[in-house]
Amino acid sequence: MRHKHASHEAKKLLSHASRHLLTPDPTQLPDMSRALDQSLDWSLDQRHDPDAFGSTFSETRASALGFQVEPGGRGANHADQTELSTAATRSVIAADMGPDAAHWFDARTEPMRARYRTFNAGFGANFATAVDHHGVVEAAATYGWGPDMTAHFPDTIVQMATTAQQALPALVPFFTTIRCGRSAGGQQITFDISRETSFDELRALMAAFGLENRHAGLMTLGAFTLGARYKLPARSSTLTLLRSGTQIEMRLDINLDALPDAPQVLLPLLRLPMAERPAAQASFDRWLTALTPDGYSGPGSVTVLSIRVRHDMPARLALFLRPVGFEQPQEGVEITPELESAAAGEFSAEQMPDWRAYR
């Protein structure tokens, strides 16, 4: 039986991927290296949360190496996750984007940090980073939505949430993400879709944010990649809104583990919509190769499929990948590279995991 430490495997995969994608190695950032060690301090040979670490891909940031971490696995409480996620994200922002960006991040995360200090509690958190050829593109921290948090949000966020829930009452506030990039930052809100919802029912919500012209594209892309599925089961998906300049960007995240009939062979399907965008398709292929460890035939399992739209941007794909080395072993079964490769494209029917998708 091999004994693999989660942080070691995550760092090895990131270093391998950065060499293939020609990006800086994120594990060489001292603060990020420490954050990975603290967050993934457990053995992969034990029962673990398979989505505690994963890589992300987005057509809108196709050349970047993105990844997301939930601190501590099953051993960390929500307060631990909040503290670690905030500290890891702030350290990357301060080191790579400067003190002004760090002060902005501090102000936006104060409601979450205050709850941690006052109640030694929270609602869970994770952190994410992406690097491209020029360094860190973005760093973000995601926090579970608590009942008393909305009052501390900017008016624009509160209004966005109110408008969304009026247009689609099935939306339930789920979490909020503070994102900081090289030149700007923003706060996004994510809703759980609490009942079965068809793609057609998203039309009114999209119209409320000036996105009605993108509804047909989103529905077509979603139905195609999901094998002609036009309805999403209750609590299988989330919807995220982000103000991008003067526009609203919307992202629909679909948890494939929560679908009873998710496509068993998904990666080839994802390439087909990109055929008209050769550069995106080539970047996707490079990303898949970069995230495939030596000795394996595939990178792992796509567990979250996302579709992003803006008024000035047609529907574009994004996804969350559970690396093959983090697949949950079955009890009594020793996981070998051959078994992991065979399972790389399969999706389980387990209970829906906590949401961690960030792109």
Query raised in the report: Looking at the range 163-196, which of the residues that are outside any strand (DSSP E or B) and at pLDDT below 95 is surrounded by the most Cβ atoms within 10 Å (Cβ to Cβ)?
Result: Arg182
Report task. State which residue pairs qualify: first residue farther than 17 Å from Gln68 by Cα and inside the range 287-306, second residue of a type in the set (Lys, Arg) in any location, beta carbons under 9 Å apart, and separation of 6 or more residues or different chains. Result -> Pro293/Lys12
**Report entry** Residue under evaluation Arg229, criteria (1) touching a Gly at 6+ places or on another chain (Cβ under 9 Å); (2) free of Cβ contacts under 8 Å to residues at least 12 places away in the same chain, criterion not met
**Finding:** (2)
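Does Arg203 meet the test of being outside any helix (DSSP H, G or I), charged (D, E, K, R) and buried (at least 16 other Cβ atoms within 10 Å of the Cβ)?
On the way: outside any helix (DSSP H, G or I): no; charged (D, E, K, R): yes; buried (at least 16 other Cβ atoms within 10 Å of the Cβ): yes.
Answer is no for this residue.
Return yes when Gly222 is out of contact with any Pro (no Cβ under 7 Å at 6 or more places or on another chain), modelled with pLDDT under 95, under 26 Å from Arg179 (Cα atoms) and buried (at least 18 other Cβ atoms within 10 Å of the Cβ) and no when it is not. Spell out how you get there, then give the answer.
Working: out of contact with any Pro (no Cβ under 7 Å at 6 or more places or on another chain): yes; modelled with pLDDT under 95: yes; under 26 Å from Arg179 (Cα atoms): yes; buried (at least 18 other Cβ atoms within 10 Å of the Cβ): yes.
Yes, satisfied.
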Report task. Could you tell me which residue of the range 226-271 is nearest to Ile189 (Cα to Cα), considering only residues that are under 20 Å from the mean Cα position of the chain (by Cα) and acidic (Asp, Glu)? Result -> Glu249
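The values are calculated or read from the model by the stated rules, or taken from the named source; none is laboratory data. Note that this is a predicted model, so its numbers are computed, not measured. Note that each Cβ is placed from the backbone with ideal geometry, even for glycine, and that neighbours are counted across all protein chains shown.
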